[in-house]
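The values are calculated or read from the model by the stated rules, or taken from the named source; none is laboratory data. Owing to the predicted nature of the structure, the values given are computational and were not obtained by experimental measurement. Positions of Cβ are generated from backbone atoms using ideal geometry, with glycine treated the same way; all protein chains shown enter the neighbour counts. With ligands, DNA and RNA removed, areas are computed over all heavy atoms of the protein, side chains included. Shrake-Rupley method; radii C 1.70, N 1.55, O 1.52, S 1.80 Å.
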Amino acid sequence: SDSGVTYVYAHLHRIADQFQPVIKEARDNADSYSISLRFPKNKFRVKAGQILALSGQSGTSGPHLHFEVRDQSQNPMNPELHGFQLNDTIAPVIKSITVMPVTSETVIDGAKQAHTVSGISLSGDLGEISAVGGVAFTAKIIEKTDVKGHLLEPFKIEVKLDGKSVYLAENRKFSFKDIPDLK
């Protein structure tokens, strides 16, 4: 796009006719049917509503479209922050939250060891935990986008202590190498 944002479309079945000559040339040059293309800026101008391709089903079962919005450094960004609305109807699941001591003197619920709480509500309310000394928190959160189990990065994570926000992270962009294996 003119702003330097890249839109990635993957797992396609058939590409629109206007792209076919470039694709054929790239396949011939690579001597392979499977290719990955990045078009130079302004190579193809497209308009809203224009058909670019038909969805396919490579990479997983069932027809689908893998779509990404990337910044100038090719880091994926949250598409909702760039005018795209996602139909995300599956609530995230907080698998566990662990409170960890950060010093040898820290005591959590009467012990000098980490305290893990599982089966937490969506709000992540841990109930009452007593801590003396410095603590850190970790959370295992699963955010699925569909029944097939495709994962999303949670957009916003906020930690409140006694009703006051003490930590806020908004995942506006991230690198694929930073996504842990949550399977």
May I ask for the angle, rounded to the nearest 10°, between helix 20-30 and the longest principal axis of the chain, with both axes built from Cα atoms and the value confined to 0 to 90°?
80 degrees
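How big is the dipole moment of the chain about its Cα centre under a simple scheme where the beta carbon of each Lys and Arg is +1, that of each Asp and Glu is -1, and everything else is neutral? Debye, nearest 20, please. Display every interim value, and only then the final one.
Values: 21 positive and 21 negative charges, 119 e Å.
Rounded to the nearest 20 debye, it is 580 debye.
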Report the residues of the stretch 77-118 in range of a label on Glu170: point 7 Å along Cα→C-beta, backbone N strictly under 14 Å from it.
78-83
With the cut-off at 1.5 for a/c, could you classify the stretch 1-91 from its C-alpha gyration tensor as rounded, prolate or oblate?
oblate
Can you list the residues, at least 5 places off or on another chain, whose amide H is less than 5 Å from the amide H of Ala53, using H built in the peptide plane?
Ala16
Taking a 28 Å limit on the Cα-Cα distance, which of the listed pairs Lys95/Lys156; Lys140/Lys164; Lys43/Lys144 fall beyond it?
Lys43/Lys144
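Take peptides 96-103, 165-172, 153-160, 29-36 and line them up by average Cβ neighbours within 10 Å, highest first, as a rough protection proxy.
Working: 96-103: 15.4, 165-172: 11.4, 153-160: 13.6, 29-36: 8.5.
Put in order of decreasing packing, that is 96-103, 153-160, 165-172, 29-36.
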From the phi of every residue in the stretch 130-137, what ³J(HN,Hα) in whole Hz does the Karplus formula 6.51 cos²θ - 1.76 cosθ + 1.60 yield, where θ is phi - 60° and glycine or proline is x?
8, 9, 10, x, x, 10, 10, 10
Inter-label distance for Ala26 and Thr116, nm, one decimal - labels placed 7 Å from Cα along Cα-to-Cβ:
4.4 nm
Before rounding to the nearest 500, sum -39500 (n - 2.57) across all DSSP H runs of length at least 4 in the chain and divide by the residue total; then give [θ] at 222 nm in deg cm²/dmol.
-2000 deg cm²/dmol
State to the nearest 20 debye the size of the charge dipole of the stretch 18-107 about its Cα centre, where the only charges are +1 on K and R beta carbons and -1 on D and E beta carbons.
440 debye
Going by Cα centres, the stretch 125-144 and the stretch 55-99 are how many Å apart?
26 Å
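Take every Cα pair under 8 Å in the stretch 1-106 that's 6+ residues apart, average their separations, divide by the length, and report that relative contact order as a whole percent.
Details: 88 pairs, mean separation 37.3, N = 106.
35 percent.
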Under the rule rounded for a/c under 1.5, else prolate if a/b exceeds b/c, else oblate, using alpha carbon gyration tensor axes a ≥ b ≥ c, the stretch 36-87 is classed as rounded
Averaged per residue, what accessible area in Å² does the chain show with a 1.4 Å probe, protein chains only?
73 Å²
